Amino acid sequence: MALKDDLKAKIVERFGVSVDEIKEDTNFVEHLNADSLDVMDFIMDIEQEYDIKIPATEAESLKTFGDLSQYLAEKTGKPLN
Amino acid sequence: MERRVVITGLGTINPLGNNVEQFWNNLIAGKSGLKKIDKFDVSKITSRIAGMITNFNSEDYFDKRELRRLSTFIMYGLVATDEAVKDSHLDLERENHERIGVITGSGIGGIEEIENQHDVLREKGIDRISPFFIIKMITDMIPGKISMKYNLKGPNFSVSSACASSAHSMITAFSMVKYGYADIMVTGGVEAPITDLTLGAFCSLKALSTGYNDIPERASRPFDGKRDGFVIAEGAGTLIFEEYEHAIRRGARIYGEILGTGATADAFHDTAPAPRGEGGRRAMELALKEGCIEKEKVEYINAHGTSTKANDLNETLSVKDLFGDYAKKLAISSTKSMTGHTLGASAAIEAIASLLTMQNGIIPPTINYENPEPELDLDYVPNIAREKKVDYVLSNSFGFGGHNGVLLLGRI
């Protein structure tokens with residue numbers, strides 16, 4: 001599965017939104033009813049799923065779906081689409 | 001300023017039922033909520049039974065996001081509180097939220113989360129510990145979460161005194177209303193201790209029943225000659241304490257009044273009660289004194305009655321020492337014979353039982369009482385509930401560490 005689709009599926013599962021609602025600028029806190037702890041929890045699961053480490057300083061800048069998918073593409077070398 | 005304090009809402013989830021009505025019906029039917037443990041391997045544990053909540057589906061109560069942030073004991077606390085708040089018929093929109101507080105008790109809080117995250121620490125590493133660990137583990141998250149859910153901005157904290165935790169939370173909540181720090185207090189206690197670490201630990205203390213693993217419903221037998229320890233259980237109880245005039249003005253249903261409380265320390269031993277239960281006796285005396293009630297008016301004592309050798313003997317002696325000849329005329333029963341011992345939740349659940357005893361004129365029995373012992377010769381309401389008008393009840397709770405908490409409740 002392409003990275004974006006995979007990530008969308010994870011967001012649907014975690015935050016209970018429909019896949020159509022997830023846009024590039026969908027902000028975890030502003031649009032998905034998450035707080036900073038939910039985001040941290042989600043990022044930790046992402047680290048485990050993709051077997052990567054995301055330093056806290058970098059995690060703080062991952063605020064939207066677009067931020068996270070772009071970051072993961074660079075980090076894992078997987079195709080975005 | 002001293003004000004009268006009444007109870008206007010009840011909620012519970014425990015091994016006998018997932019709401020107050022189920023709980024009460026099973027209690028007066030003399031049913032046991034104790035079962036063989038099937039949620040983890042018990043083959044190497046000497047006590048293999050517990051009082052467990054059944055037919056509880058957390059997804060019926062909480063959404064996905066909430067569930068990731070909630071632990072079992074906090075869920076139980078929120079479920080019991082939801083019932084109590086609804087039962088009170090308080091119109092929270094119209095109340096002054098700064099005058100409503102929450103104080104609950106728990107003995108061991110989120111021990112299940114400590115176990116889970118300790119496994120993560122050892123197996124996956126320190127950087128894999130959940131960001132939700134702390135908020136799922138600390139006991140004060142129950143009053144915290146309740147305050148957030150209902151926007152209650154009065155006094156808010158948790159109390160811990162082992163098996164007397166919710167007695168002391170209710171005693172503190174009572175004072176808050178009596179002395180004018182709040183008009184309404186949401187109070188009670190919660191425990192979710194059925195984990196292998198907790199079972200193993202209480203087994204090491206030799207506190208649990210081990211001789212009835214194949215007949216769990218017979219294992220909790222307070223005051224009986226063949227009792228061999230308590231049976232651990234999970235549960236929660238929430239009560240709404242309200243200033244009397246406030247309750248009258250809004251036409252609330254009043255279950256009863258808290259007339260007095262007693263809190264004492266044994267200052268004696270980590271786990272053993274003081275000789276002749278003298279700490280418990282003094283707590284009962286203080287509750288009667290605060291309530292200005294002559295001891296001969298007490299018709300029923302809801303005992304701490306754990307089914308351990310030491311508690312049941314010393315509690316009996318303390319009642320005899322306090323009440324003298326009248327001790328044999330009052331009724332005393334242990335509802336733990338049916339619920340098991342819900343530790344920090346037990347006093348709240350037993351306060352609910354005591355209030356319903358007065359309201360319905362039925363005293364719940366001590367089940368499995370079959371073998372009288374010479375020194376344990378009170379009227380324990382053996383095996384069958386008894387119809388009797390009751391106006392005054394003492395509810396006893398004692399915790400490891402020598403903490404004693406007693407409530408004197410009256411019918412209105």
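The values are calculated or read from the model by the stated rules, or taken from the named source; none is laboratory data. Given the structure is predicted, the values throughout are model-derived calculations rather than measurements. Neighbour counts run over all protein chains shown; Cβ positions are idealised from the backbone, glycine included.
Before moving on, here are some points about what is shown:
- Summed over segment B:308-332, residues that are in a loop (DSSP other than H, G, I, E, B) and out of contact with any helix residue (DSSP H, G or I) (no Cβ under 9 Å at 6 or more places or on another chain) total 1.
- Residue-level check: of (1) under 30 Å from B:Gly402 (Cβ atoms); (2) out of contact with any Phe, Trp or Tyr (no Cβ under 9 Å at 6 or more places or on another chain); (3) not aliphatic (A, V, I, L, M), B:Tyr76 misses just (2).
- Selection within segment A:6-34 - away from chain B (no Cβ under 14 Å), assigned to a helix (DSSP H, G or I) and surrounded by fewer than 12 Cβ atoms within 10 Å (Cβ to Cβ): A:Val19, A:Asp20, A:Glu30
- Inter-residue pairs, beta-carbon under 6 Å, first of a type in the set (D, E, K, R) and in segment B:32-48, second in a strand (DSSP E or B), 6+ apart: B:Lys36/B:Ile49
Condition check ((1) closer than 21 Å to B:Ala80 by Cβ; (2) surrounded by 13 or more Cβ atoms within 10 Å (Cβ to Cβ); (3) touching a strand residue (DSSP E or B) at 6+ places or on another chain (Cβ under 6 Å)) across all residues:
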residue	(1), (2), (3)
B:Arg3	no, yes, yes
B:Ile13	yes, yes, yes
B:Asn18	yes, yes, no
B:Asn25	yes, no, no
B:Lys64	no, no, no
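- Boolean, B:Gly291 is at pLDDT 95 or above, buried (at least 24 other Cβ atoms within 10 Å of the Cβ) and closer than 24 Å to B:Lys178 by Cα: no
- Counting the residues of segment B:59-104 that are more than 30 Å from A:Phe15 (Cβ to Cβ), part of a helix (DSSP H, G or I) and not acidic (Asp, Glu) gives 4.
- Residue tally, condition within 11 Å of another protein chain (Cβ to nearest Cβ), within 17 Å of B:Arg65 (Cα to Cα) and assigned to a helix (DSSP H, G or I), over segment A:35-63: 10
- Odd one out for B:Ile352 among (1) assigned to a helix (DSSP H, G or I); (2) of a type in the set (Val, Ile, Thr); (3) more than 15 Å from the chain's Cα centre (by Cα): (3)
- Subset of segment B:134-166 (residues that are more than 19 Å from the chain's Cα centre (by Cα) and among the hydroxyl-bearing types (Ser, Thr, Tyr)): B:Ser147, B:Tyr150
- A residue that is farther than 21 Å from B:Met338 by Cα, out of contact with any Gly (no Cβ under 8 Å at 6 or more places or on another chain) and part of a helix (DSSP H, G or I) cannot be found anywhere in segment B:216-224.
- Candidates B:Gly280, B:Gly262, B:Gly344, B:Gly305 - the one that is in contact (Cβ under 8 Å) with a residue 24 or more places away in the chain, in the same structural domain as B:Lys388 (by TED's automatic domain parsing), buried (at least 23 other Cβ atoms within 10 Å of the Cβ) and part of a loop (DSSP other than H, G, I, E, B): B:Gly305
- Close pairs from segment B:4-19: first free of Cβ contacts under 8 Å to residues at least 24 places away in the same chain, partner of a type in the set (S, T, N, Q) and outside any strand (DSSP E or B), Cβ under 7 Å, at least 6 apart: B:Gly17/B:Asn26
- Some residue of segment B:288-302 being closer than 30 Å to B:Thr81 by Cβ, in contact with a His (Cβ under 8 Å, 6 or more places away or on another chain) and assigned to a helix (DSSP H, G or I): no
- Matching entry among B:Ala310, B:Ala331 (being of a type in the set (A, V, I, L, M, F, W, C) and touching a strand residue (DSSP E or B) at 6+ places or on another chain (Cβ under 9 Å)): B:Ala331
- The residue that is surrounded by the fewest Cβ atoms within 10 Å (Cβ to Cβ), counting only those in segment B:34-62 that are farther than 30 Å from B:Asn368 by Cβ and more than 22 Å from the chain's Cα centre (by Cα), is B:Asn57.
- Residue within segment A:65-80 that is within 14 Å of chain B (Cβ to nearest Cβ) and among the hydrophobic types (A, V, I, L, M, F, W, C) present: no
- Helices (runs of 4 or more DSSP H) contained in segment B:116-178 and holding at least 1 residues among the basic types (Lys, Arg) and more than 14 Å from chain A (Cβ to nearest Cβ): B:141-150, B:165-178
- Restricting attention to segment B:370-383, the residues that are farther than 12 Å from B:Ala303 by Cβ and of a type outside the set (Asp, Glu) total 5.
- Test: residue in segment B:348-367 that is farther than 30 Å from B:Ile248 by Cβ and surrounded by fewer than 24 Cβ atoms within 10 Å (Cβ to Cβ): no
- Residues within segment B:391-412 that are within 12 Å of B:Tyr255 (Cα to Cα) and surrounded by fewer than 24 Cβ atoms within 10 Å (Cβ to Cβ), tallied: 4
- For segment B:129-137, the criterion of being at pLDDT 95 or above and touching a Ser or Thr at 6+ places or on another chain (Cβ under 8 Å) is met by at least one residue.
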